[in-house]
Amino acid sequence: AHHLSSGAAIKTALRRANECAAASVEREGTQSSYESAASLAAREASLVASLVDHTLLGSDYDSAEAIDQLVRQAAGANESETSAAAVCVWPQWVPLVRQLLTGSDPLTAPDKATFGKPPMRVATVVNFPHGTADVASVVEEARAAVAAGADEIDLVINHALLARDIGVGAAAAEDLVRAVREATPTTGRASEGEEGEGEGVLLKVIIESGMLGSAAAIRAAAEAALSGGADFVKTSTGKAAVAATPSAAATILAAVSRHRSLAAAGSRGARAGVKIAGGVRNLEQAREYLDLAREWLGASADSPRSFRFGTSSLLRGLREAERGVGGAEQARTSASADVY
(Lines give C-alpha, C1' and ligand atoms only; values in the text may rest on other atoms or scores of the structure.)
Protein backbone atom coordinates (compact mmCIF):
# COMPACT_ATOMS: atom_id res chain seq x y z
CA ALA A 1 0.00 0.00 0.00
CA HIS A 2 2.97 2.33 0.57
CA HIS A 3 3.49 2.53 -3.19
CA LEU A 4 -0.14 3.26 -4.04
CA SER A 5 -0.84 6.90 -4.77
CA SER A 6 -4.44 7.31 -3.68
CA GLY A 7 -6.90 6.18 -1.04
CA ALA A 8 -9.08 4.66 -3.76
CA ALA A 9 -6.16 2.53 -4.97
CA ILE A 10 -5.43 1.37 -1.44
CA LYS A 11 -9.08 0.41 -0.89
CA THR A 12 -9.10 -1.49 -4.17
CA ALA A 13 -5.95 -3.36 -3.19
CA LEU A 14 -7.35 -4.24 0.22
CA ARG A 15 -10.61 -5.43 -1.30
CA ARG A 16 -8.73 -7.62 -3.78
CA ALA A 17 -6.75 -9.09 -0.90
CA ASN A 18 -10.01 -9.81 0.90
CA GLU A 19 -11.42 -11.50 -2.20
CA CYS A 20 -8.31 -13.63 -2.57
CA ALA A 21 -8.51 -14.69 1.05
CA ALA A 22 -12.20 -15.46 0.69
CA ALA A 23 -11.58 -17.52 -2.45
CA SER A 24 -8.84 -19.43 -0.67
CA VAL A 25 -11.13 -20.15 2.27
CA GLU A 26 -13.87 -21.36 -0.07
CA ARG A 27 -11.44 -23.58 -1.97
CA GLU A 28 -9.88 -25.16 1.14
CA GLY A 29 -13.13 -25.42 3.08
CA THR A 30 -11.62 -23.93 6.24
CA GLN A 31 -13.38 -21.86 8.88
CA SER A 32 -12.67 -18.15 8.72
CA SER A 33 -14.13 -14.77 9.51
CA TYR A 34 -13.68 -13.75 5.87
CA GLU A 35 -16.87 -13.09 3.92
CA SER A 36 -17.12 -15.39 0.91
CA ALA A 37 -16.28 -13.91 -2.47
CA ALA A 38 -19.80 -14.54 -3.76
CA SER A 39 -21.38 -12.98 -0.67
CA LEU A 40 -19.10 -9.95 -0.90
CA ALA A 41 -19.90 -9.48 -4.59
CA ALA A 42 -23.64 -9.85 -3.94
CA ARG A 43 -23.59 -7.25 -1.17
CA GLU A 44 -21.61 -4.77 -3.25
CA ALA A 45 -23.78 -5.42 -6.30
CA SER A 46 -26.91 -4.60 -4.29
CA LEU A 47 -25.42 -1.30 -3.15
CA VAL A 48 -24.37 -0.31 -6.67
CA ALA A 49 -27.79 -1.32 -8.06
CA SER A 50 -29.42 1.15 -5.64
CA LEU A 51 -27.32 3.92 -7.23
CA VAL A 52 -28.18 3.14 -10.88
CA ASP A 53 -30.25 5.26 -13.23
CA HIS A 54 -31.30 2.44 -15.57
CA THR A 55 -31.25 4.16 -18.94
CA LEU A 56 -32.74 3.74 -22.41
CA LEU A 57 -31.95 6.59 -24.78
CA GLY A 58 -31.32 4.79 -28.04
CA SER A 59 -33.75 5.43 -30.90
CA ASP A 60 -33.51 1.82 -32.06
CA TYR A 61 -35.12 0.76 -28.80
CA ASP A 62 -38.00 3.24 -28.67
CA SER A 63 -41.08 1.11 -28.09
CA ALA A 64 -43.58 0.62 -25.31
CA GLU A 65 -42.41 -2.98 -24.95
CA ALA A 66 -38.80 -1.88 -24.46
CA ILE A 67 -39.82 0.68 -21.85
CA ASP A 68 -41.85 -1.92 -19.98
CA GLN A 69 -38.85 -4.26 -19.99
CA LEU A 70 -36.60 -1.44 -18.80
CA VAL A 71 -38.82 -0.72 -15.81
CA ARG A 72 -39.07 -4.40 -14.92
CA GLN A 73 -35.29 -4.78 -15.05
CA ALA A 74 -34.87 -1.73 -12.85
CA ALA A 75 -37.41 -2.96 -10.30
CA GLY A 76 -35.79 -6.38 -9.91
CA ALA A 77 -37.51 -9.73 -10.19
CA ASN A 78 -37.92 -10.39 -6.47
CA GLU A 79 -37.05 -9.18 -2.98
CA SER A 80 -33.40 -10.26 -3.34
CA GLU A 81 -32.80 -7.90 -6.26
CA THR A 82 -32.35 -4.27 -5.25
CA SER A 83 -34.35 -1.76 -7.24
CA ALA A 84 -32.52 0.93 -9.17
CA ALA A 85 -32.61 4.57 -8.08
CA ALA A 86 -34.37 5.74 -11.23
CA VAL A 87 -35.39 4.90 -14.77
CA CYS A 88 -34.10 7.40 -17.36
CA VAL A 89 -35.89 7.69 -20.72
CA TRP A 90 -36.62 10.15 -23.51
CA PRO A 91 -39.28 12.75 -22.54
CA GLN A 92 -41.99 11.13 -24.68
CA TRP A 93 -41.79 7.98 -22.55
CA VAL A 94 -42.12 9.70 -19.17
CA PRO A 95 -45.93 9.25 -18.96
CA LEU A 96 -45.64 5.53 -19.68
CA VAL A 97 -42.93 5.04 -17.06
CA ARG A 98 -45.01 7.00 -14.55
CA GLN A 99 -48.01 4.81 -15.39
CA LEU A 100 -45.97 1.62 -14.96
CA LEU A 101 -44.63 2.79 -11.61
CA THR A 102 -48.07 3.64 -10.26
CA GLY A 103 -49.97 0.68 -11.70
CA SER A 104 -51.22 -2.44 -9.96
CA ASP A 105 -48.42 -4.84 -10.92
CA PRO A 106 -46.08 -5.03 -7.88
CA LEU A 107 -43.13 -5.87 -10.10
CA THR A 108 -43.44 -2.79 -12.26
CA ALA A 109 -44.88 -0.59 -9.52
CA PRO A 110 -42.26 -0.38 -6.76
CA ASP A 111 -44.28 2.40 -5.11
CA LYS A 112 -46.85 -0.24 -4.20
CA ALA A 113 -44.68 -3.37 -4.12
CA THR A 114 -44.73 -5.85 -1.26
CA PHE A 115 -40.97 -6.33 -1.44
CA GLY A 116 -40.29 -3.43 0.94
CA LYS A 117 -38.13 -1.66 -1.65
CA PRO A 118 -37.76 2.11 -1.90
CA PRO A 119 -39.69 3.67 -4.80
CA MET A 120 -37.93 4.40 -8.06
CA ARG A 121 -37.88 7.85 -9.61
CA VAL A 122 -38.59 8.88 -13.20
CA ALA A 123 -35.73 10.71 -14.93
CA THR A 124 -35.55 12.24 -18.39
CA VAL A 125 -33.20 14.33 -20.52
CA VAL A 126 -33.50 17.85 -21.93
CA ASN A 127 -31.31 19.74 -24.39
CA PHE A 128 -29.95 16.28 -25.16
CA PRO A 129 -27.45 15.32 -26.42
CA HIS A 130 -25.77 18.36 -27.98
CA GLY A 131 -26.72 21.09 -25.52
CA THR A 132 -27.21 23.75 -28.19
CA ALA A 133 -30.89 24.73 -27.91
CA ASP A 134 -31.79 28.24 -26.76
CA VAL A 135 -32.62 28.85 -23.10
CA ALA A 136 -36.34 29.46 -23.64
CA SER A 137 -36.77 26.19 -25.54
CA VAL A 138 -34.89 24.22 -22.91
CA VAL A 139 -36.96 25.73 -20.10
CA GLU A 140 -40.18 24.77 -21.89
CA GLU A 141 -38.85 21.25 -22.48
CA ALA A 142 -38.06 20.90 -18.78
CA ARG A 143 -41.45 22.23 -17.70
CA ALA A 144 -43.22 19.82 -20.04
CA ALA A 145 -41.21 16.88 -18.71
CA VAL A 146 -42.10 17.73 -15.11
CA ALA A 147 -45.76 18.14 -16.04
CA ALA A 148 -45.65 14.69 -17.67
CA GLY A 149 -44.37 13.12 -14.47
CA ALA A 150 -40.57 13.43 -14.37
CA ASP A 151 -38.97 13.51 -10.91
CA GLU A 152 -35.49 14.26 -12.27
CA ILE A 153 -34.13 16.28 -15.18
CA ASP A 154 -30.78 15.49 -16.79
CA LEU A 155 -29.85 18.76 -18.52
CA VAL A 156 -27.07 19.12 -21.09
CA ILE A 157 -25.10 22.38 -21.16
CA ASN A 158 -23.46 23.80 -24.28
CA HIS A 159 -20.20 21.95 -23.71
CA ALA A 160 -18.83 22.79 -27.15
CA LEU A 161 -19.02 26.50 -26.31
CA LEU A 162 -17.29 25.93 -23.00
CA ALA A 163 -14.55 23.90 -24.67
CA ARG A 164 -13.90 26.81 -27.05
CA ASP A 165 -14.03 29.56 -24.44
CA ILE A 166 -14.11 28.59 -20.77
CA GLY A 167 -15.25 31.99 -19.52
CA VAL A 168 -18.06 32.51 -22.01
CA GLY A 169 -19.14 28.88 -21.89
CA ALA A 170 -19.21 28.71 -18.09
CA ALA A 171 -21.31 31.89 -17.89
CA ALA A 172 -23.76 30.52 -20.47
CA ALA A 173 -23.94 27.20 -18.63
CA GLU A 174 -24.68 28.86 -15.30
CA ASP A 175 -27.42 31.00 -16.87
CA LEU A 176 -29.03 27.95 -18.48
CA VAL A 177 -28.92 25.86 -15.32
CA ARG A 178 -30.35 28.72 -13.25
CA ALA A 179 -33.21 29.22 -15.72
CA VAL A 180 -34.15 25.53 -15.62
CA ARG A 181 -33.79 25.42 -11.85
CA GLU A 182 -36.12 28.38 -11.45
CA ALA A 183 -38.64 26.77 -13.80
CA THR A 184 -38.80 23.41 -11.96
CA PRO A 185 -40.23 22.67 -8.50
CA THR A 186 -37.85 22.61 -5.53
CA THR A 187 -40.43 21.29 -3.06
CA GLY A 188 -43.06 18.61 -2.90
CA ARG A 189 -42.11 16.34 -5.82
CA ALA A 190 -40.74 13.26 -4.06
CA SER A 191 -42.36 9.85 -3.89
CA GLU A 192 -43.92 8.99 -0.57
CA GLY A 193 -41.40 7.75 1.98
CA GLU A 194 -38.41 8.50 -0.22
CA GLU A 195 -35.18 9.91 1.17
CA GLY A 196 -35.15 13.64 0.59
CA GLU A 197 -38.97 13.80 0.53
CA GLY A 198 -40.22 17.22 -0.43
CA GLU A 199 -37.14 18.32 -2.38
CA GLY A 200 -39.00 18.58 -5.63
CA VAL A 201 -37.34 17.84 -8.97
CA LEU A 202 -33.68 16.84 -8.88
CA LEU A 203 -31.61 18.65 -11.51
CA LYS A 204 -28.61 16.75 -12.89
CA VAL A 205 -26.39 18.77 -15.21
CA ILE A 206 -24.42 16.97 -17.92
CA ILE A 207 -21.12 18.69 -18.70
CA GLU A 208 -19.78 16.15 -21.27
CA SER A 209 -16.43 16.03 -19.49
CA GLY A 210 -14.78 13.88 -22.16
CA MET A 211 -15.15 16.65 -24.72
CA LEU A 212 -13.97 19.59 -22.61
CA GLY A 213 -10.27 19.02 -23.19
CA SER A 214 -8.78 19.98 -19.83
CA ALA A 215 -9.21 19.67 -16.09
CA ALA A 216 -9.65 23.46 -15.94
CA ALA A 217 -12.61 23.32 -18.30
CA ILE A 218 -14.15 20.38 -16.41
CA ARG A 219 -13.77 22.26 -13.13
CA ALA A 220 -15.28 25.41 -14.61
CA ALA A 221 -18.24 23.46 -16.01
CA ALA A 222 -18.89 21.75 -12.69
CA GLU A 223 -18.66 24.99 -10.76
CA ALA A 224 -21.01 26.74 -13.21
CA ALA A 225 -23.55 23.96 -12.89
CA LEU A 226 -23.43 24.09 -9.10
CA SER A 227 -23.63 27.88 -9.00
CA GLY A 228 -26.72 27.70 -11.20
CA GLY A 229 -28.45 25.33 -8.79
CA ALA A 230 -27.62 21.82 -9.97
CA ASP A 231 -28.29 18.98 -7.54
CA PHE A 232 -25.85 16.72 -9.42
CA VAL A 233 -23.01 17.20 -11.85
CA LYS A 234 -23.08 14.41 -14.43
CA THR A 235 -20.05 13.44 -16.48
CA SER A 236 -21.47 12.51 -19.86
CA THR A 237 -24.37 11.96 -22.23
CA GLY A 238 -23.02 8.56 -23.23
CA LYS A 239 -23.17 9.73 -26.85
CA ALA A 240 -19.70 11.32 -27.11
CA ALA A 241 -16.50 9.56 -28.16
CA VAL A 242 -15.06 9.97 -24.65
CA ALA A 243 -17.36 9.30 -21.70
CA ALA A 244 -16.57 9.13 -17.99
CA THR A 245 -12.98 8.72 -16.80
CA PRO A 246 -11.64 8.45 -13.24
CA SER A 247 -9.56 11.61 -13.69
CA ALA A 248 -12.56 13.65 -14.84
CA ALA A 249 -14.65 12.18 -12.03
CA ALA A 250 -12.02 13.21 -9.48
CA THR A 251 -12.05 16.80 -10.79
CA ILE A 252 -15.86 16.93 -10.59
CA LEU A 253 -15.93 15.35 -7.13
CA ALA A 254 -13.41 17.87 -5.86
CA ALA A 255 -15.59 20.73 -7.14
CA VAL A 256 -18.70 19.21 -5.57
CA SER A 257 -16.93 18.61 -2.26
CA ARG A 258 -15.79 22.23 -2.14
CA HIS A 259 -19.29 23.46 -3.04
CA ARG A 260 -20.74 21.36 -0.22
CA SER A 261 -18.27 22.77 2.27
CA LEU A 262 -19.24 26.35 1.39
CA ALA A 263 -23.00 25.78 1.30
CA ALA A 264 -25.28 26.48 4.24
CA ALA A 265 -25.91 23.47 6.46
CA GLY A 266 -29.03 21.62 5.40
CA SER A 267 -29.29 23.42 2.04
CA ARG A 268 -29.54 21.73 -1.35
CA GLY A 269 -25.99 22.81 -2.08
CA ALA A 270 -24.73 20.95 0.97
CA ARG A 271 -26.16 17.76 -0.54
CA ALA A 272 -24.86 18.20 -4.09
CA GLY A 273 -23.87 14.98 -5.81
CA VAL A 274 -22.20 13.40 -8.83
CA LYS A 275 -23.47 11.09 -11.55
CA ILE A 276 -21.05 8.95 -13.55
CA ALA A 277 -22.34 8.03 -17.00
CA GLY A 278 -20.88 6.27 -20.01
CA GLY A 279 -18.63 3.23 -19.98
CA VAL A 280 -19.41 1.76 -16.53
CA ARG A 281 -20.35 -1.78 -17.50
CA ASN A 282 -19.39 -4.05 -14.60
CA LEU A 283 -19.08 -4.09 -10.83
CA GLU A 284 -15.31 -3.69 -10.83
CA GLN A 285 -15.55 -0.44 -12.80
CA ALA A 286 -18.36 0.78 -10.56
CA ARG A 287 -16.29 0.01 -7.46
CA GLU A 288 -13.46 2.21 -8.69
CA TYR A 289 -15.75 5.20 -9.03
CA LEU A 290 -17.56 4.48 -5.78
CA ASP A 291 -14.28 4.32 -3.87
CA LEU A 292 -13.32 7.65 -5.43
CA ALA A 293 -16.66 9.18 -4.47
CA ARG A 294 -16.28 8.02 -0.88
CA GLU A 295 -12.97 9.85 -0.66
CA TRP A 296 -14.61 13.15 -1.56
CA LEU A 297 -18.19 12.73 -0.33
CA GLY A 298 -17.70 10.39 2.61
CA ALA A 299 -20.40 7.92 3.60
CA SER A 300 -23.01 9.89 1.66
CA ALA A 301 -21.55 8.40 -1.54
CA ASP A 302 -23.44 5.21 -0.69
CA SER A 303 -26.76 7.09 -1.08
CA PRO A 304 -28.57 7.73 -4.39
CA ARG A 305 -29.14 11.29 -3.20
CA SER A 306 -25.38 11.90 -3.52
CA PHE A 307 -24.04 9.49 -6.11
CA ARG A 308 -25.41 7.77 -9.22
CA PHE A 309 -24.40 5.68 -12.19
CA GLY A 310 -26.11 6.31 -15.52
CA THR A 311 -25.98 3.11 -17.56
CA SER A 312 -28.02 0.85 -19.80
CA SER A 313 -25.99 -2.32 -19.26
CA LEU A 314 -24.62 -2.43 -15.71
CA LEU A 315 -27.72 -3.91 -14.06
CA ARG A 316 -27.46 -7.22 -15.90
CA GLY A 317 -24.12 -8.07 -14.31
CA LEU A 318 -25.26 -6.75 -10.94
CA ARG A 319 -28.30 -9.03 -10.99
CA GLU A 320 -26.06 -12.03 -11.68
CA ALA A 321 -23.77 -11.04 -8.82
CA GLU A 322 -26.75 -10.56 -6.48
CA ARG A 323 -27.81 -14.12 -7.28
CA GLY A 324 -24.27 -15.40 -6.78
CA VAL A 325 -23.80 -16.35 -10.44
CA GLY A 326 -20.08 -16.35 -11.18
CA GLY A 327 -19.04 -14.70 -7.90
CA ALA A 328 -16.38 -12.02 -7.68
CA GLU A 329 -14.71 -12.89 -10.98
CA GLN A 330 -17.99 -12.40 -12.85
CA ALA A 331 -18.47 -9.08 -11.12
CA ARG A 332 -15.06 -7.92 -12.30
CA THR A 333 -15.29 -9.01 -15.90
CA SER A 334 -18.90 -9.19 -17.12
CA ALA A 335 -19.57 -6.38 -19.52
CA SER A 336 -21.80 -5.45 -22.40
CA ALA A 337 -22.02 -2.27 -24.38
CA ASP A 338 -24.00 0.67 -23.05
CA VAL A 339 -26.81 1.47 -25.48
CA TYR A 340 -27.79 5.11 -24.94
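Worth pointing out:
- Distance from the range 59-90 to the range 240-259 (C-alpha centre basis), Å: 27 Å
- Surface analysis of the range 205-257 yields an accessible area of 26 Å² per residue, using protein heavy atoms and a 1.4 Å probe.
- Shape of the range 199-240, Cα gyration tensor, a/c cut at 1.5: oblate
- The listed residues H159, H259, once ranked by accessible area (1.4 Å probe) with the largest placed first, stand as H259, H159.
- Accessible area per residue was computed with a 1.4 Å probe on protein heavy atoms; D134 scores about 80 Å².
- Centre-to-centre, using Cα atoms only, the range 124-145 and the range 151-189 are separated by 10 Å.
- Charge tally in the Cβ shell below 12 Å around L176, where Lys, Arg are +1 and Asp, Glu are -1, L176 excluded: -3
The values are calculated or read from the model by the stated rules, or taken from the named source; none is laboratory data. What you see is a predicted model, and the numbers here were worked out from it, not measured in a lab. Please note: Cβ atoms are built from the backbone with ideal geometry, for glycine as well, and neighbour counts cover all protein chains shown. Heavy atoms of the whole protein, side chains included, go into the accessibility calculation; ligands, DNA and RNA do not. Shrake-Rupley method; radii C 1.70, N 1.55, O 1.52, S 1.80 Å.
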